[in-house]
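First comes the structure, then the notes that go with it.
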């Protein structure tokens with residue numbers, strides 16, 4: 001299963017904010033650090049805010065921070081939300097998409113089960129766990145943060 005670029009960036013932002021809890025980060029800073037287009041990152045951070053994973057503080061000294069404790073954010077649940085509207089293959093789209101085999105194909109059920117197994121495997125893993133699995137994450141992000149510029 002391949003995650004969308006949107007999901008990839010959303011995971012990066014959540015991990016980044018979780019590993020830097022004492023620092024507010026602007027969308028522009030995060031985009032620069034991850035060498036991403038600002039407009040794309042703005043959509044990602046907007047989604048994270050609208051879904052309640054992050055909060056945006058406006059004004060001078062404002063920025064983004066997680067709105068949930070990293071131990072309360074399940075990797076599986078987050079990815080399920082991010083990928084729910086993106087079928088793995090066309091036949092998993094509502095109405096079976098354009099695949100001529102959809103009406104009588106058993107492949108769609110097998111793939112649907114595999115996709116759900118993927119999410120279930122990640123359900124018990126939290127963002128706190130992800131950060132803990134990489135002990136140098138805070139140091140790495142600290143170095144990246146200090147090298148970023150704001151515009």
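Checking each residue in the stretch 15-30 for being in contact with a strand residue (DSSP E or B) (Cβ under 6 Å, 6 or more places away or on another chain) and in a loop (DSSP other than H, G, I, E, B) picks out 24, 26.
Taking into account only those residues within the stretch 57-83 that are without any contact (Cβ under 8 Å) to a residue 40 or more places away in the chain and more than 16 Å from residue 15 (Cα to Cα), which is surrounded by the fewest Cβ atoms within 10 Å (Cβ to Cβ)? The extreme case among them is 60. Where helices (runs of 4 or more DSSP H) fall wholly inside the stretch 40-151, the ranges with 3 or more residues that are at pLDDT below 90 are 107-122, 127-133, 137-147.
Restrict the check to the stretch 5-14 and report whether at least one residue is farther than 19 Å from residue 70 by Cβ, in contact with a helix residue (DSSP H, G or I) (Cβ under 9 Å, 6 or more places away or on another chain), at pLDDT 95 or above and surrounded by 17 or more Cβ atoms within 10 Å (Cβ to Cβ). No.
The values are calculated or read from the model by the stated rules, or taken from the named source; none is laboratory data. Please read all numbers here as calculations on a predicted model, not as lab measurements. For neighbour counting, all protein chains shown are included, and Cβ atoms are generated from backbone atoms with ideal geometry for every residue, glycine included.
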